Protein chains: 2
Amino acid sequence: MQHILILGAGLSASSLIKYLLDHSEQYDWHIRLGDLSVETAQAKINNHPRGAAFYFDVNDENLCREEVKKADIVVSMLPASLHFKVARACVDFGKNMVTASYVSPQIEALNEEAKAKNVLILNEIGVDPGIDHMSAMQVIDRIKTLGGEITSFQSSTGGLVAPKYDNNPWNYKFTWNPRNVVLAGQGVSKFIRNGKYKYIPYHKLFKRIVRTEVLDYGEFEIYPNRDSLKYREIYGLDHIPSMFRGTMRRPGYSRSWNIFVQLGMTDDSFIIEDSENMTYREFVNSFLEYETKIPVETKLANYLGIEEESEIMYKLRWLDLFKPIKIGLKRATPAQILQHILLKKWVLDKEDKDMIVMQHRFEYTLKNQNKVILSSMAIEGTDQTHTAMSKTVGYPVAIACKLILTGKIKDVGVKLPLDASIYEPVLEELQSFGIQFIEEEIES
Amino acid sequence: MQHILILGAGLSASSLIKYLLDHSEQYDWHIRLGDLSVETAQAKINNHPRGAAFYFDVNDENLCREEVKKADIVVSMLPASLHFKVARACVDFGKNMVTASYVSPQIEALNEEAKAKNVLILNEIGVDPGIDHMSAMQVIDRIKTLGGEITSFQSSTGGLVAPKYDNNPWNYKFTWNPRNVVLAGQGVSKFIRNGKYKYIPYHKLFKRIVRTEVLDYGEFEIYPNRDSLKYREIYGLDHIPSMFRGTMRRPGYSRSWNIFVQLGMTDDSFIIEDSENMTYREFVNSFLEYETKIPVETKLANYLGIEEESEIMYKLRWLDLFKPIKIGLKRATPAQILQHILLKKWVLDKEDKDMIVMQHRFEYTLKNQNKVILSSMAIEGTDQTHTAMSKTVGYPVAIACKLILTGKIKDVGVKLPLDASIYEPVLEELQSFGIQFIEEEIES
């Protein structure tokens, strides 16, 4: 019998846990699921004969090391900043480990030690990062094998509400960590186009969008991600003239979101005075000039150069942003207040389902011909537990876990899923869950 | 004989050193001036019989403590972050100390210890902070004594080029630390008006200006400083409905500076790729959309919504911003590159003189009458050594030093110059150097 240790039983772990429990009989696995909330872990195990839930606190080092020692493989679904302690124990006890998070410099530094101990620490095998890496590398490797030269790579992902449930004026609901949505894009965004580096400051980001269509899902807009440049090296495209990564939203979202950015409402660096007793309307007004004779709505429209009867203003009114509703949050930052306001309106209803869309665009030359491949994926959630997010994060992790346990993946060291030995079998099996890329060759 | 130890012989210390040497015979002082550059210190002492220059490195703790031990008073003109080591030694050896810098939390924490040892650590007695505190408190205390209630306090300072030498289209030259000018205002600016808190994000700061006139010096514009709120407590105006502090520039400056902010050129948080080989023009273009058919100038004007034939564009062209001049700086941030470009154009010529302007506006009610006092000061530099900046920073420090040595200031503990016992004699003597506030009572 092989022992799988899963750390973290949150929403993103649901599909992962289900997959491993569903296959536990077939492969003779036993699964231990640890979480700060034993109830959450128990609910996910749901009395499965091959599963056990237990209380887990990563800060209890003895507990962490004891559990890792007993396992054959460790899956960490903890918040990204907590992976290192687990990785440290895995290397010490010679256990393989899988995570869906970005590899940290701390974990990267374990590479040589992991190799020496014959241990694989496989990171970034969720959806973004994860499926994006694997699906991109599959096409990149194929084009290179054919002798083609890639001149441009664009890749975008979006977590959205599925079309059937897409019924608010923003065409957006929180399907994932709301805080990350509010803070998205802060800093500078970098990419390269035809050999020219481009830098976009945060306050211009949501005006620098591009448009695309994805399969039968219609139109999306894309705003640039923070650092597109580092992917050149990761994907072995060091000298590619154009590289761009972005986030997808439905058309019109960015123009309206930009209002919050322009006002300063996404700032998480300072506390709003007496935020508890302030109203939504006063919150808006605190970013506008002092002028008591002009309504807040008019001041905002004039300040930001939009028409008061525009669709943007309608979206803001729909959020109750101009209403005298008490905020009620003590010592809150603007970003926390904005999140609080949005959470009341952008919540998924019980029946709502989410959706993940991803699209790559490869431009390359082959035998002196310019070619363009568009590779697109869209998947909707099954229910509020097995959301598209949970499935796309969890299945790749679970499949990788199986491939390691069954000896199909034999890598060692600190790795990303960039090699065919990993991405081929994972992408192959993901298709059975409806996670499938459709390729179109289009006019260049 | 009393021994004065001055640490730091930089530009800002020139007038201070001159004052103390000029009065050294009269008061029987001996002055030791320490600097990392002995040559600089020697030049400032200029063979004065009562002065001595020596090599001083604040990181040499033994040296620092030895020198402090020998002194009767210590004046630290070192960079603000280095004052603490000196203050620590002053408290240990029971020596008084004077600085022109903002008091740090570390130094503030020495308060009780300093009191117990009968030591005065007097901070923020330069120009801004310094003369601003003293000149404001003088009026505030007077209004309070008369029984008036202050309802609004606005205070602004500017370091500019004197009118006679103000001959470039920006009406601005670097008269002080250029890096601080480039980074000015980053973060959020906070103030309060009629009881309403107002927050301005950095990218809107240079559009939220107000105008004023100062004496015979004509018109200035004011952009808000970072934190106006903390001054309510410092000035004993905790419940004042309106409090605003700002920075003065000549009209038109902010609108043009805003272009750099909007493009992202003042960002100091990331490195521009291959900055060394980039040209000014390419630097500008890196913040604009990829589009090879439209000239950079047109792209910029369209992007930021200004007319190509506007005065703003003229100011940018005057800086050579669109010329193919090599930057030549390795691994530079946008802010470093911008500073490099500006330094070539905003430099003070040999004959140029600088100017400091400061203006307070007090609104108050007295016997049911609303009143407004405008209190303004302007001083020009004497030459490139005794600049307005050097005089306004140095003379208050020097005068305070004299007042402590002669027993006129008897305070102990970590202090700011907010009490009449300090500000009255300092402001009185500053008048003899032409640093004088003119009050006007104006219509409310």
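It is to be established whether one or more residues within region A:365-383 are in contact (Cβ under 8 Å) with a residue 12 or more places away in the chain, more than 30 Å from A:Val161 (Cα to Cα) and open to solvent by 60 Å² or more (accessible area, probe 1.4 Å). Give the steps one after another, and end with the answer.
Residues of region A:365-383 in contact (Cβ under 8 Å) with a residue 12 or more places away in the chain: A:365-367, A:370-383.
Okay, now just the ones that are also more than 30 Å from A:Val161 (Cα to Cα), so A:365-367, A:370-371.
Filter once more, keeping what is open to solvent by 60 Å² or more (accessible area, probe 1.4 Å): A:367, A:370.
Looking for residues that are in contact (Cβ under 8 Å) with a residue 12 or more places away in the chain, more than 30 Å from A:Val161 (Cα to Cα) and open to solvent by 60 Å² or more (accessible area, probe 1.4 Å), one finds at least one in region A:365-383, hence yes.
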| When residues of region A:388-408 are limited to those that are of a type outside the set (D, E, K, R) and open to solvent by 10 Å² or more (accessible area, probe 1.4 Å), the one nearest to A:Asp216 (Cα to Cα) | A:Met389
| field | Top-ranked residue of region A:434-444 - restricted to ones that are open to solvent by 60 Å² or more (accessible area, probe 1.4 Å) and in contact with a helix residue (DSSP H, G or I) (Cβ under 9 Å, 6 or more places away or on another chain), ranked as nearest to A:Tyr364 (Cα to Cα) | value | A:Glu439
| Can you name every residue in region B:253-271 that is away from every other protein chain (no Cβ under 11 Å), open to solvent by 40 Å² or more (accessible area, probe 1.4 Å) and β-branched (Val, Ile, Thr)? | none
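Does B:Leu427 meet the test of being of a type in the set (A, V, I, L, M, F, W, C), buried (at least 21 other Cβ atoms within 10 Å of the Cβ), at pLDDT 95 or above and assigned to a helix (DSSP H, G or I)? Let's see the steps before the verdict.
Details: of a type in the set (A, V, I, L, M, F, W, C): yes; buried (at least 21 other Cβ atoms within 10 Å of the Cβ): yes; at pLDDT 95 or above: yes; assigned to a helix (DSSP H, G or I): yes.
The answer is yes for B:Leu427.
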| In region A:3-45, how many residues are loosely packed, with under 15 Cβ neighbours inside 10 Å and touching a helix residue (DSSP H, G or I) at 6+ places or on another chain (Cβ under 8 Å)? | 1
| said: Contact list please: Cβ distance under 6 Å, first residue in region A:31-42 and more than 14 Å from A:Ile73 (Cβ to Cβ) and part of a helix (DSSP H, G or I), second residue open to solvent by less than 40 Å² (accessible area, probe 1.4 Å) and hydrophobic (A, V, I, L, M, F, W, C), pairs at least six apart or on different chains. | reply: A:Val38/A:Ala53; A:Thr40/A:Ala9; A:Ala41/A:Ala9; A:Ala41/A:Leu33; A:Ala41/A:Ala53; A:Gln42/A:Ala53
| Checking B:Val103 against (1) without any contact (Cβ under 8 Å) to a residue 40 or more places away in the chain; (2) closer than 17 Å to B:Val393 by Cα; (3) not hydroxyl-bearing (Ser, Thr, Tyr), which test does it fail? | (1)
| request: Considering each residue of region B:329-346, count those that are surrounded by 13 or more Cβ atoms within 10 Å (Cβ to Cβ) and either touching a residue at least 60 places away in the same chain (Cβ under 8 Å) or farther than 21 Å from B:Val181 by Cα (or both), and give that number. | output: 12
| query | Is it true that some residue in region A:89-104 is out of contact with any helix residue (DSSP H, G or I) (no Cβ under 9 Å at 6 or more places or on another chain), assigned to a helix (DSSP H, G or I) and either assigned by TED's automatic domain parsing to the domain that holds A:Asp411 or surrounded by fewer than 24 Cβ atoms within 10 Å (Cβ to Cβ) (or both)? | reply | no
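So that you can scan it fast, the table gives a plain yes or no per residue for (1) at pLDDT 95 or above; (2) in contact with a helix residue (DSSP H, G or I) (Cβ under 8 Å, 6 or more places away or on another chain); (3) closer than 21 Å to A:Pro169 by Cβ; (4) β-branched (Val, Ile, Thr):
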position: A:Trp318; (1), (2), (3), (4): yes, no, yes, no
position: A:Lys323; (1), (2), (3), (4): yes, yes, yes, no
position: A:Ala332; (1), (2), (3), (4): yes, yes, no, no
position: A:Leu338; (1), (2), (3), (4): yes, yes, yes, no
position: A:Phe362; (1), (2), (3), (4): yes, yes, no, no
position: A:Thr365; (1), (2), (3), (4): yes, no, no, yes
position: A:Met389; (1), (2), (3), (4): yes, yes, no, no
position: A:Leu403; (1), (2), (3), (4): yes, yes, no, no
position: A:Thr406; (1), (2), (3), (4): yes, yes, no, yes
| task | Among residues belonging to region B:286-308 that are within 12 Å of chain A (Cβ to nearest Cβ) and among the β-branched types (Val, Ile, Thr), point out the one that is most open to solvent (accessible area, probe 1.4 Å). | result | B:Thr292
| Across region A:272-285, which residue is nearest to the other protein chains (Cβ to nearest Cβ) among those that are touching a Leu at 6+ places or on another chain (Cβ under 7 Å), closer than 20 Å to B:Leu229 by Cα and of a type outside the set (A, V, I, L, M)? | A:Ser275
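Mind checking which strands (runs of 3 or more DSSP E) fall wholly inside region B:149-227 and carry at least 2 residues that are away from chain A (no Cβ under 12 Å) and surrounded by fewer than 22 Cβ atoms within 10 Å (Cβ to Cβ)? Let's see the steps before the verdict.
Working: elements: B:149-161, B:188-193, B:196-201, B:210-213, B:219-224.
Once the strands (runs of 3 or more DSSP E) in region B:149-227 are filtered for at least 2 residues that are away from chain A (no Cβ under 12 Å) and surrounded by fewer than 22 Cβ atoms within 10 Å (Cβ to Cβ), what remains is B:149-161, B:210-213, B:219-224.
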| Considering only residues of region A:236-248 that are of a type outside the set (A, V, I, L, M) and more than 19 Å from the chain's Cα centre (by Cα), which is surrounded by the most Cβ atoms within 10 Å (Cβ to Cβ)? | A:Ser242
| task | Report yes if some residue within region A:348-360 is within 14 Å of chain B (Cβ to nearest Cβ) and under 30 Å from A:Phe270 (Cα atoms); otherwise report no. | result | no
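The values are calculated or read from the model by the stated rules, or taken from the named source; none is laboratory data. Computed from a prediction, not measured in an experiment: that's the story for all the values here. We place every Cβ from the backbone using ideal geometry, glycine too, and count neighbours over all the protein chains shown. Just so you know, the surface numbers come from the protein's heavy atoms only, side chains and all, with ligands and any DNA or RNA stripped out. Shrake-Rupley method; radii C 1.70, N 1.55, O 1.52, S 1.80 Å.
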